[in-house]
Amino acid sequence: MSFRYDGLHLMVDAKCADSAKLNDASQIVKIMEDIVRAIDMTMILPPITVKFPHATSELSRVLARLKGEGLGDSNTAKQIASDLRERELESYGYSTLVMIAESHLSIHTFPEFNFFTFDCYSCKGFDADVVMAILTETFGIVSVKEYRQQRSFDFEGSEDGNTPRLCVPTLN
């Protein structure tokens with residue numbers, strides 16, 4: 001018995017003209033679902049999306065120390081408190097993962113830089129050009145680094161006919 005594992009890994013780093021769609025979780029989920037359908041994959045879990053907040057822990061500790069030293073009304077403390085309120089309203093983008101039977105898709109958005117990274121890995125081949133067209137049309141990509149990596153192995157049955165063993169290609 002033999003088996004060929006023939007996968008493709010598409011990795012994209014892209015800059016967009018507008019950050020609005022990068023900061024819209026429902027739009028990101030729709031795009032990921034559209035891509036799964038377009039390349040004929042099998043979604044196991046619906047998209048899981050996480051919003052990343054701005055880091056506030058260090059500033060919160062500084063503010064608490066200022067207040068503890070009786071400096072809560074100082075200009076510095078007031079500015080830190082204002083900065084913390086602003087950061088609570090800011091978004092540093094989303095990460096969305098879709099688990100497919102064939103592997104996964106993920107996207108990480110950085111709207112403050114009009115930038116995203118995207119990853120589609122599958123143990124079966126897919127049309128990376130279709131994926132790129134959806135990403136380009138949706139996000140208005142103005143600059144992109146695209147990486148396509150074939151990932152494959154050939155397996156053959158063992159002497160007993162049951163246990164697969166990896167066939168390592170020989171170099172001539």
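Tabulated values for the structure
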| item | result |
| --- | --- |
| Residues within region 133-143 that are surrounded by fewer than 19 Cβ atoms within 10 Å (Cβ to Cβ) and either at pLDDT below 95 or under 17 Å from residue 34 (Cα atoms) (or both), tallied | 6 |
| Selection count where residues are out of contact with any helix residue (DSSP H, G or I) (no Cβ under 7 Å at 6 or more places or on another chain), under 15 Å from residue 134 (Cα atoms) and in contact (Cβ under 8 Å) with a residue 60 or more places away in the chain, scope region 18-33 | 4 |
| Tally, over region 76-122, of residues that are within 17 Å of residue 26 (Cα to Cα), in contact with a helix residue (DSSP H, G or I) (Cβ under 7 Å, 6 or more places away or on another chain) and among the aliphatic types (A, V, I, L, M) | 3 |
| Members of region 99-120 found to be closer than 21 Å to residue 152 by Cα and surrounded by fewer than 16 Cβ atoms within 10 Å (Cβ to Cβ), listed by number | 101, 104 |
| Extreme residue, nearest to residue 109 (Cα to Cα), among residues of region 35-55 that are surrounded by fewer than 14 Cβ atoms within 10 Å (Cβ to Cβ) and in contact with a helix residue (DSSP H, G or I) (Cβ under 9 Å, 6 or more places away or on another chain) | 51 |
| Selection status of residue 112, out of contact with any Leu (no Cβ under 8 Å at 6 or more places or on another chain), modelled with pLDDT of 85 or more and in the same structural domain as residue 14 (by TED's automatic domain parsing) | yes |
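The values are calculated or read from the model by the stated rules, or taken from the named source; none is laboratory data. A quick note: this is a predicted structure, and the numbers were derived from the prediction, not measured. Because the Cβ atoms are built from the backbone with ideal geometry, glycine has one as well, and the counts that use them run over all protein chains shown.
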